[in-house]
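In what follows, a single structure is set out as structure tokens and then discussed.
The values are calculated or read from the model by the stated rules, or taken from the named source; none is laboratory data. A quick note: this is a predicted structure, and the numbers were derived from the prediction, not measured. Cβ atoms come from the backbone with ideal geometry, glycine included; neighbour counts cover every protein chain shown. These accessible areas exclude ligands, DNA and RNA; they are computed on the full protein's heavy atoms, side chains included. Shrake-Rupley method; radii C 1.70, N 1.55, O 1.52, S 1.80 Å.
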Amino acid sequence: MIHNEEFINEFIEEAESHLQMVETGLLAMEEGKMNKENINNIFRSIHSIKGTAGFFGLDRIVELAHIMENLLGEVRNEKIQPDSVMVDLLLTGNDQLKAMVDDVFNSHEYDVSKLVESMSNLMEGKEATSNDEAQKKESETTVTSTETHETVLTINSKQREQIEDAKKHGHYLYRVKIGINKDIGAKEISPIRFFKKIQSVGEIVDSYTDISDIKSLDSVMDADVYFSFVFTTVLEKKLLPIALDIEDDTIEELNLDEQLSKELITTLSEDEESSKETEETENDVTEEAEVHFEEEQDEPNQEETLEEVTESQEIQSSASAKKPAAVSTVEDSVRVHVSLLNDLLNLASEMVLGRNQLLRNIEEHRKEISGLDAILQNIDRVTTELQEKVMQTRMQPVGNVFNKMPRVIRDLSKKLGKEVELNIEGSHVELDKSIIESLSDPLTHLIRNAVDHGLESPDKRKKSGKTPSGQVDLKAYHESGYVHIDIVDDGAGIDAEKIKNKALEKGLVSESDLKNMSDQEILQLLMMPGFSTAEKITDVSGRGVGMDVVKTNIEKLGGTIEITTKLGEGTTFRMILPLTLAIIPSLIVEVDEFKFALPQVNLQEMVRLKTGDETKKIEYVHNAQVLRLRGKLLPIVHLGKVLGLESHKIKEINQEIDDITRILVLKVGSKRFGLVVDHIYDEEEILVKPLPKFFKNCQCYSGVTIMGDGKTAMILDPEGIVAKASLRFMDEQTKASEREASAQLNELKEMQNMLIFKCSGEETFGIDLSLVSRVEEINSDSIDHIGNKEYIQHRGEALRVVRPESYLPVTKKDNNPRKLYVIIPKLVKNPIGIIIEKIHDTIMTSIKLNQEDIKGKGLLGSTIINDKIVLLINIYELFEMVSPEEYENQSLKISSNDRTILLAEDTPFFARLTKNYLEWAGYHVISVMNGQEALDALKEKPVDLVLSDIQMPVMDGLELVRNIRKDPDLAALPVVALTSMTSEKDREMGKEAGFDFYEFKLDKATILSTLKNAFEMRGETV
Amino acid sequence: MTGKALSFYLQDKMFGLDIRLVKEISRKVDFSVVPDSDPNIVGLMNLRGQVVTLFHLGKILGLESDDLEQEKESACIILKALPNQPHQIGFLIDRTGDVIDIQEDWCEKTPANVEEINGEYIQEVVKLNEELLLMLDTEVVFDA
């Protein structure tokens, strides 16, 4: 062990991040980003590695880093133009460094001589080609000890320049010599931290370790190693010991003036005794500082120094953008060990549990102790926030993994002779560290897959009319509480026939199985162990690690993977990942007095069957139980039976006692089944603890949690239950469940996310979250009054804010709380903030609007949520009342009033909102709930335009528009889609189906102007 | 071994454990049974937020066991989590005994004729004045 394992680990960690930076930088350089900043970054990173590796006497790393640094230095000085050969070489060097850093204890056994040789050849070669004398002079001078002939220190022109530059900024030049064990070790700071410490006060010019006595790394422990820095800083000598926490006798000030070279030489050579004068050859007199081990300096060197000054001034002016040497940066981040973060996360999670228990146990006494309620609420809030913050500390951007991909693509495209363009989106999307770490392999695999199997060769691409260079998109984005990562290629797509043949060939499936398989199922075969579609095995793929491993890895993270493909157009692999592994929403269920937590990811719906109800009951196919759910058969599994609970059988017989069968409809991948449990309790956010290894044989569990009552509960693993119950999903079932699933999904999408809040009065209000851009907390004194209007500062701009109670027919009170919230709406031009006093909740619910009871301008109606009347705000009307001049855009109204619009929308809330503003604009509106009703209505009444939602029960919007286009009487009717799914793909699908326009549901102004356009398109004026 | 051993009773037989392995003794055992788990596992216990897997030591050692009801009354010993064993382990006992100082020369390897208890679970036998103390080898016992 070199010095201390922790120091070494720190070095490795540090070096790895530098190496990553170098790689990114080199790739950017190859793409032509030749800016100084980039090259400087690469240079600095390599330099840092060299510097710190020197501490530990990692010779090979130093050697390689040194030559790379030199090469880069030449590039930086614009003496060499980098080409792809050179970048290749540097990348290989970088890889080699990576390998050595990873295997740091054996790094001295690596052979870097070849690389070093080819790099120096490259450097010399470059110089040789340019016969310019000045360039030749750029080659650096090494300082050699006359006695040992070992290279000790090199000062190149760059360092020279740095010193000169620093001098101009009033820097002093110092040398510090410290014993690694004596000074650093005793103070328990690592060499790297010491290195950084120096960097925080000044700039390091050079550093080296005297490692000549050290025979092996281990002996570092015994004999102290002396390490010397030469650095510049603005600090005076007497301040340095304090700043660096070292003894003052270790510091020497060096003279910056003409004696520079001499001082540098003498002080640096002190360690080496008995240096002799060396002969100097005239042609070596360059702008380089020649540094020899001499007690006294001779004439030529003095001259040379003077020469140097003028030279460096020129350099200085040419590189005017160079930063001043002394930039003391204030660090706004701190390095913390991951284990500490893990502990914090655990503790925060424990605290959540503790809070849950506290709240549960104290519930009854809340009223008895005055003031307790407020305290509890506070604890509740603080705990939640604490947990969220701690969670955030572990969040890392997926960019950390994504930025490895350009390199993968580059190497692959070279190897395979394919041109590939990689397009990365969403690098900022954050995931838990543990997920990020496990993501690298599956992602690399999928990317390789996309390039190797997905994209065709340039020739083939040209033949099929595509651009010769293939496109691979890597996208990360948030989607309903999960992070999706898409790997999209525009290649040949996956041929289902090929998969079939391959699967047969490999004996993975039988012919009869195949006949019954759906396309999706065939694609899923790709992810079976032992499957590989590459026609020939390249060294890129077919290394035995297949898609099955990717699938298992993703599932281990609690995610899923989906494949969609279109022959000739490309393939998309979509990974759906949870944000974090630690806390998941789940449903607590009970069987036979055992409680379990069921992750809600898998839960689709809950069904209650009453005994005696003939319309809904469990039926039998032979011995198997099934349930008819919306016309499809759903296999039924009893949790108790799967878990082998004996008393369960008795209960089944005595089911009449309970009267109700509770079925959870679960979805695992494309499989759906019903799970029968005895009781269903609350939803609970549970903290996932790993399953103790002693339970590894229990397929049905994925983890353990501790519930609010302090008892442990097992977390159910639906996948495991499927396996354990040996459910075999055949073609029909899967297809059916697929369709069901997508219908389900649609239903879910039509659920509304409501923000529930209070203003000053008693009324509870609701607003659809899709109308809300964000909610900000403000202080009541931050509201400015201008005239009778109120404004706040929002993102540097004045935002008008209103209190809805001033405009709506509701009660108003003067509570004057200090803390207020502002809802900032979206989808309106010139937004106005809505001031509210208290946020209750956000609820996912399907709203049933109470039709006519509570009405008033600005209100859409009311609904009951959790036994409370909630008033739904119509923000369009509210804003019109607030600021009629801006929001009552008369141009959107139509002049004639004989236009009839058929509105097909199943969500009452949106139907009401839309109808409301259509009528405002002067249209007659006929409302229907789905596509079928719309078709019926079209037969009965003349309609001028159809405005339709996409997702509707019975017949969706796409089907509706297809039917309209098919009907010769209706084919010319303008049809506008109104939807919440506005991705390009959705849009395309909509257009394909026959929609004239495709608009976002809540965007009133756009919709109204689109309607006008739609009429005009048909040559009518409105 | 030399040092302190914790003795405890299971089915009226005395066993010992190197006290350095013991994290704590809990007299209030409140655990949840896990259906469909290994028969040697009694259940899981929440020990101040840590999940402890409780084992049925009696069953593992091949001793006849009484019904579960009685065990609910009993105590349990929770072992320190070893670095290579991230999961906490505990096991039920009938009652605890004493902490005994043991000298090296009192110890002897398990005699060849030990049949009653699966011999490999016994690390060594300590010859106390009045009786023999069977020292458990927890690594073997709980290497489920």
Can you pull a Stokes-Einstein diffusion coefficient for the range A:397-578 at 25 °C (0.890 mPa s), Rh from Kirkwood over Cα pairs, as a whole number of µm²/s?
147
When a/c is below 1.5 the answer is rounded, else prolate if a/b is larger than b/c, else oblate, so apply that to the range A:395-449 with a ≥ b ≥ c taken from the square roots of the Cα gyration tensor eigenvalues.
prolate
What accessible area, in Å² to the nearest ten, does a 1.4 Å probe give for A:L345?
20
The range A:397-578, dipole about Cα centre (Lys/Arg Cβ +1, Asp/Glu Cβ -1), debye to the nearest 20:
600
Assuming a ≥ b ≥ c are the square roots of the Cα gyration tensor eigenvalues, decide whether the range A:479-527 counts as rounded (a/c under 1.5), prolate (otherwise, with a/b larger than b/c) or oblate.
prolate
Distance in nm between pseudo-label sites at A:E593 and B:K109 (7 Å out along the Cβ direction from Cα):
4.8
Label-point separation, A:I783 to A:K758 (7 Å along Cα→Cβ), nm
1.7
For the interface of B with A, what's the total buried accessible surface in square angstrom, probe 1.4 angstrom, rounded to the nearest hundred?
1900
Quick one: what does P(r) look like for the range A:890-1017 with 10 Å bins over all Cα pairs, in whole %?
14, 51, 33, 3
Of A:K551/A:K1001; A:K389/A:K414; A:K475/A:K667; A:K819/A:K985, pairs whose Cα-Cα distance is over 32 Å:
A:K551/A:K1001; A:K389/A:K414; A:K819/A:K985
Just by accessible area at a 1.4 angstrom probe, what is the order of A:M21, A:M391 from largest to smallest?
A:M21, A:M391
Charge dipole (debye, nearest 20) of the range A:355-455; +1 at Cβ of Lys and Arg, -1 at Cβ of Asp and Glu
420
What distance in nm separates the two pseudo spin-label positions at A:T564 and B:K13, each 7 Å out from Cα along the beta-carbon direction?
6.4
Take the range A:952-1009, drop everything but the C-alpha atoms, weight them equally and run the Debye formula without solvent; then report log10 I(q)/I(0) at 0.22, 0.24, 0.29, 0.31 Å⁻¹ to two decimals.
-0.88, -1.00, -1.22, -1.27
Compute the semi-axes of the equivalent ellipsoid of the range A:338-394, taking the square root of 5 times each eigenvalue of the Cα gyration tensor, and list them largest first in whole Å.
27, 11, 6
Judged on accessible area alone, 1.4 Å probe, highest first, B:V141, A:V688 line up as A:V688, B:V141
Report the FRET efficiency, 1/(1 + (r/R0)^6), for A:A374 and A:V234, where r is their Cβ-Cβ distance and R0 is 56 Å, rounded to 0.05.
0.55
Leaving ligands, DNA and RNA out of it, rank A:E74, A:E605, B:E131 by accessible area with a 1.4 Å probe, largest first.
B:E131, A:E605, A:E74
Please state the charge dipole magnitude for the range A:338-394, taken about the Cα centre, from unit charges on C-beta atoms (+1 on K and R, -1 on D and E), reported in debye and rounded to the nearest 20.
100
